[in-house]
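The values are calculated or read from the model by the stated rules, or taken from the named source; none is laboratory data. The shown structure was predicted, so the numbers you read here are calculated from the model rather than taken from an experiment. Counting neighbours? That spans all protein chains shown, and the Cβs are built from the backbone with ideal geometry, glycine included.
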Amino acid sequence: MSETILQLGRSQFGKPENAGNLMTLEDAHALLNEWVPNERLRLHMKQVAAVMKAWAIEKENADEHTALKWELAGLLHDADWEKYPNDHCRVIIEKLEEMNIDPEVIHCIASHGPKYFGVQPETKMDKMIYVFDELSGFIHAAALIRPTRYEGMDVKSVLKKLKTLSFAAQVNRDDITDALSRTNYSLEEIVDFIIAHQKDVQ
């Protein structure tokens, strides 16, 4: 996440009557391919989506429809970042509102960077996307400099890299601390979960 402040100026998104309305994964990937030419950025969103879906199922006992909500929020949270950097989040939010998508998905996307967008994470889904966003990218950066990539990667090595401020300096450590403070989970638990669930995403 850049340091640019892109306050959205509102905290309500979508319409209550659209609760439960979701797009298909196929449509979400089509949107991603249209809006995000950068393969690395697409991979980041796919990784966050995979971790979000896995968390919903394994930790929240989510049903298929709820897990799809979590997955779509992860998949689309940065969809406008490459093409519309000065309107990041605003464009994808307006697109999803036009499509009558579930307000919870839209609010989740709007809250993935509270300092930047001015929208506070409220639900568990909101809080977890905030946690996963920065850490997922950081862990992937750490994997890329290892000869064996994710194979054999452990939590301890990631924590050591986090303390090395010159490594992946664009990742805001304060955001990670703030995000974790909003959950009941430790940094170690989250890092371990991300490694396990994003390592095979392509």
Identify all residues within the range 18-29 that are in a helix (DSSP H, G or I) and under 11 Å from residue 75 (Cβ atoms); write none if there are none.
25, 27, 28, 29
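Quick grid of which residues meet (1) at pLDDT 95 or above; (2) over 17 Å from residue 71 (Cβ atoms):
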position	(1), (2)
3	no, yes
13	no, yes
17	yes, yes
43	yes, no
46	yes, no
51	yes, no
61	yes, no
Residues satisfying the stated conditions in the range 133-153, i.e. among the polar types (S, T, N, Q) and farther than 23 Å from residue 174 by Cβ
148
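Select from the range 117-127 the residues that are in a helix (DSSP H, G or I) and either over 21 Å from residue 65 (Cα atoms) or among the β-branched types (Val, Ile, Thr) (or both) and list them in ascending order.
117
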Checked against (1) within 14 Å of the chain's Cα centre (by Cα); (2) over 23 Å from residue 173 (Cα atoms); (3) at pLDDT below 95; (4) among the aromatic types (Phe, Trp, Tyr), residue 81 satisfies every condition except (2)
Determine whether the range 48-58 contains at least one residue that is in a helix (DSSP H, G or I), within 18 Å of the chain's Cα centre (by Cα) and surrounded by fewer than 16 Cβ atoms within 10 Å (Cβ to Cβ).
yes
Taking residue 128, is it under 18 Å from residue 191 (Cα atoms), of a type in the set (A, V, I, L, M, F, W, C) and in contact (Cβ under 8 Å) with a residue 24 or more places away in the chain?
yes
Residue hits (the range 117-127; at pLDDT 95 or above and crowded, with 16+ Cβ neighbours inside 10 Å) are 121, 124, 125, 126, 127
